[in-house]
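Reviewing the structure listed below.
Here, each number is a calculation from the coordinates, and none is a lab measurement. Please read these numbers as outputs of a predicted model, since none were measured by experiment. Note that each Cβ is placed from the backbone with ideal geometry, even for glycine, and that neighbours are counted across all protein chains shown.
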Amino acid sequence: MCVIGAGTMGSGIAAHLANIGFNVTLLEQTREHAEKAFARAKDVRPPHFYVKSTADKIRLGGVDQDLDWIREADWVCEAIIEKLDAKKALFEKIEHLLKEEAFISTNTSGLQIGLLSEGRSESFRRRFLGTHFFNPPRYLKLLELIPTEETDPTVVQQMTEFLEKDVARRVVLAKDTPGFIANRYGMWSMIYTVHVAEKLGLSVEQVDAITGPFLGRPKSASFRLNDIVGLDIMVDIAQNLIERCPHDPQTPHLATPNSIASLIEKGWIGSKAGQGYYKKEGNQFVSYDMVTGAYRERLEPSLPSLDSLARKPLGERLREGLQLRDEVGEFLRAYLIPTLQYAVALKEEISHNVRDFDRVMQWGFGWEAGPFEMIDAIGAEHLGIEAKPFYSDGQIQDFDGNYYAPAPEPLFAKITDFPVLEEGTGWKTRDLGDGVTAFTLCNKMGVVDPGVVEGLQSVLDSGKVERLLITSEAKVYSAGFDLKFFVNAIENQDFDAVDKAIAAFHRLNDSIGKIPSVAAVWGFCLGGGFEIASGCTSIVAAAESMIGLPESRVGLLPGGLGTLVMHENSGGDVKRGINALKSMATGAMSMNADHAYELGYLTDDDVICYHPDQLITFAKQHLLSLEAKPKPEWKPFTGPFGGMVDQMQDALKASGELTDYDELISDKAKRIFTKANSREEAMELERTLFVELCHEGRSLARMKHMLETGKPLRN
């Protein structure tokens, strides 16, 4: 893969491709320019790379002396400055170097794709299209794919399949119109929000309270999102749309709002400048007052109607919100109705169907529902829109008013698409076909409790399961075992209940791997949830998974064979064994799945799925290739290992990473690593030491503090 242009987007695209395993070349004007630009990219926040070492795998070069490297590329993606002449000159320079069947694309977000290939050969033009990545590519899965009238339809199909299967994108086919779908509509929506806020005299806090989760949008809402995107970038995109869309009656709303103009004039262009609509002073954020033009203390908005409606479904709360006679209702009537009406007016010009339009706003902007789903949910009649439902009985309304069934997308199957076989408290089983049964965690945050343990054990004991896929129907895979169970048992002095729960958990996790099994994990994969996953033949982890054993933070050892798992993951290697104990002592959680390998939570038996929407399909395919395998032979660490662990703990205490009580807990884990002479002894010792810690007042204090505050107690 070759990316040309090492700016924000080019570096981000190159990093994403390297993250998922491609050999990547990144070219700038000169090698010096490439190295300088990429040095900045390596330190960007949020980070481009899963682990820093991946950056070293990208080959940096200069167009002036390394252009021949393009001959090796199967895909060349141009991401240089947004100037038509510069891009056309580059394509003229590289055309003769391209492989005969190499894909060629531009990442432009504002130029007409068809103009960029003018003057090129027929071979070039048939392989050329727009690939509009969203920034940052690592975190945003949407890619707008824009063919020209001369792009070969076969190339479009091949590129779509390649991007979705191998590049971890969700592709929406967009028309070669100004701004495509995302910028034409999404940027209009962002800027129109500011105009409405200024007109109504609402504060940035009030608008962000309304336009965040209440409106089915991310917590970044409106003004925080503006800062993230960059106010200068917003104005540049808007100006391009103004110039290219004189026919659009809504174009005047893209004029720069007064507050944005004032902020740009002062250089306060958003997060990259350290301040925009929000500014961090110490540990606190201050807000920009659009009336006074100065920063002031951030004020918590008083909008009681938001709280009263918050728990209702999106369509219902917005329908009721539109009727309110307060700031919320006033804003929704002034902003939401025109915004949804604009989507209806634009749909045929910029999209191939309403689902594509909706998906751009969901996948690119994080909306819970796209504009047409939202219209259906609220009711078109409440919005001054004359339209039949855009979605009906699984079908989609086409622009001619007829309904059609969309093509199935098996690659992106959700776990809830499959039929339920059995259901218990906190769990379900589902039939995935091909002899695969899924066991899904259904408690909030995928929490494991004795009922879930009993349910999974009964499924295994039934003898009906040939191959098992363990996953979750919660917002994350699993936040761990239910701390409330242990707190209640300890406060009731029922340590026998603790002992029995751990024994049952041990039996379960020791028996999962007796049949071919896979855990498909994403989001949090912590504590007891990780221990269940580790009992499987293999873990399939979504790339952004946060994996770990944070039990020390609540005063405990891992209680579901987690200590044994970390010992076995070490493979008898002293350095890895010490690293495993360090991870447990500090309660380290990985920042992503690649990082989990470094911390000792994942091994070569486990795999990463870089496309979160393909997790279930990928995990099932992986499971079908596996056979159950025996547990590794247990061998205690001996010799100088214990002293080396003591040195590690002393260093962590000296740096303030461990307290005396953390060290006490870590010593118990070290004891399992060094004193148990068999797997059975290790299991017994883990259970005994876990119960011992439950007798400790400091452990109970840590558990209660975590439940009450969500933060660890450093006692």
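Over all orientations, the stretch 552-655 has a Cα convex hull whose mean projected area works out to 8.4 square nanometres.
Only Lys, Arg, Asp and Glu carry charge here, each on its Cβ (+1 for the first two, -1 for the last two); on that basis the chain has a dipole of about 1060 debye about its Cα centre. Restricting the GluC sites (Glu not before Pro) of the stretch 134-195 to loop positions (DSSP other than H, G, I, E, B) with no more than 14 neighbouring Cβ atoms within 10 Å leaves GLU149. Peptides 310-316, 204-210, 260-266 ordered by packing proxy, namely the average of other Cβ atoms within 10 Å per residue, highest first: 204-210, 260-266, 310-316.
Based on C-alpha pairs under 8 angstrom that are at least 6 apart in sequence, the stretch 416-708 has a relative contact order of 18 percent. Partner lysines whose Cα lies under 18 Å from the Cα of LYS670, excluding those fewer than 8 positions away in the same chain, are identified as LYS575, LYS582, LYS635, LYS653. In terms of other Cβ atoms within 10 Å, ILE502, ILE104 run from fewest to most in the order ILE502, ILE104.
Taking the fewest neighbouring Cβ atoms within 10 Å as the starting point, the ordered list for ILE94, ILE539, ILE81 is ILE81, ILE94, ILE539.
How far is the Cα center of the stretch 622-637 from the Cα center of the stretch 535-560, in Å? Value for the Cα centre distance between the two parts: 18 Å. For the stretch 45-79, the residues whose amide N sits under 20 Å from a probe point set 7 Å from the Cα of TYR139 along the beta carbon direction are 45-55.
For the stretch 596-715, the Kirkwood estimate of the hydrodynamic radius, built from every pair of different alpha carbons, is 17.9 Å. The stretch 336-411 and the stretch 655-682 have their alpha-carbon centroids 56 Å apart. 3J(HN,Hα) couplings calculated from phi for the stretch 686-692 with the Karplus curve 6.51 cos²θ - 1.76 cosθ + 1.60 (θ = phi - 60°) are, in sequence order, 4, 5, 5, 5, 4, 5, 4 Hz; Gly and Pro show x.
As a size descriptor, the averaged projected area of the C-alpha convex hull of the stretch 317-421 was calculated at 8.5 nm². Measuring between alpha carbons in the structure, the pairs from LYS414/LYS444; LYS165/LYS620; LYS464/LYS484; LYS428/LYS514; LYS219/LYS279; LYS312/LYS388 lying more than 22 angstrom apart are LYS464/LYS484; LYS312/LYS388. Between the stretch 1-80 and the stretch 234-303, what is the separation of their alpha carbon centroids in Å? Between the Cα centre of the stretch 1-80 and that of the stretch 234-303, the gap is 31 Å. Histogrammed with a bin width of 10 Å, the alpha carbon distances of the stretch 1-147 distribute as 12, 45, 35, 7, 0 percent, first bin at zero. For the stretch 339-369, the residues whose backbone nitrogen is under 17 Å from a point 7 Å from the Cα of TYR403, taken along Cα to Cβ, are 354-355. Grab every C-alpha pair in the chain, bin the distances at 10 angstrom width from 0 up to the longest one, and report whole percents. All Cα pairs, binned at 10 Å, distribute as 3, 13, 20, 23, 21, 14, 5, 1, 0 percent.
For the chain, the mean residue ellipticity at 222 nm estimated from helices alone is -13000 deg cm²/dmol, where every DSSP H run of n ≥ 4 contributes -39500 (n - 2.57) and the total is divided by all residues, rounded to the nearest 500. Using a cutoff of 8 angstrom between alpha carbon atoms and counting only pairs six or more residues apart, the relative contact order for the stretch 579-715 works out to 23 percent. Extending 7 Å from the Cα toward the beta-carbon at both GLU633 and THR688 defines two label points whose distance is 2.5 nm. The alpha carbon convex hull volume per residue for the stretch 624-663 rounds to 156 Å³.
Pairwise Cα distances in the stretch 203-357 exceed 21 Å for 55 percent of all pairs. Contact order, relative form, for the chain: 8 percent (alpha carbon pairs under 8 Å, 6 or more residues apart, mean separation divided by residue count). Among the GluC sites (Glu not before Pro) in the stretch 606-715, those located in a DSSP loop and surrounded by at most 15 other Cβ atoms within 10 Å of their own Cβ are GLU627, GLU633, GLU657. Of the peptides 224-234, 424-434, the order by per-residue mean of other Cβ atoms within 10 Å, starting with the highest, comes out as 224-234, 424-434. Counted residue by residue at 0.36 nm each, then reduced by the alpha carbon distance between them, the extension gain from SER123 to HIS695 reaches 198.5 nm. Please state the shape class of the stretch 42-92: rounded when a/c is under 1.5, otherwise prolate if a/b exceeds b/c and oblate if not, all from the C-alpha gyration tensor. Since a/c reaches 1.5 but b/c is at least a/b, the shape of the stretch 42-92 is classed as oblate.
For the pair VAL291 and GLU243, a Förster radius of 35 Å applied to the C-beta separation gives a FRET efficiency near 0.65, rounded to the nearest 0.05. Summarising the label geometry, the points placed 7 Å from Cα in the beta-carbon direction at LYS475 and LYS52 lie 3.2 nm from one another. Between ASP393 and GLN323, the modelled label-to-label distance comes to 3.0 nm, taking each label 7 Å out from Cα in the direction of the beta carbon. The fraction of all Cα pairs in the stretch 459-601 landing in successive 5 Å bins from 0 to the largest distance is 2, 10, 18, 22, 21, 15, 8, 3, 0, given as whole percents. Among beta bridges identified by DSSP and lying wholly in the chain, the antiparallel ones come to about 40 percent. Per-residue extension of 0.36 nm, minus the Cα-Cα distance of ARG71 and LYS312, leaves a gain of 81.1 nm for this segment. DSSP finds beta bridges in the stretch 416-708, and of those with both partners inside it, around 35 percent are antiparallel. Were the residues from SER458 through ALA39 laid out at 0.36 nm apart, the gain over their Cα-Cα distance would be 145.4 nm.
Taking θ as phi - 60° and the Karplus parameters 6.51, -1.76 and 1.60, the scalar couplings of the stretch 644-658 work out to 5, 5, 4, 5, 4, 5, 4, 5, 5, 5, 5, 8, x, 7, 10 Hz in sequence order, x denoting glycine and proline.
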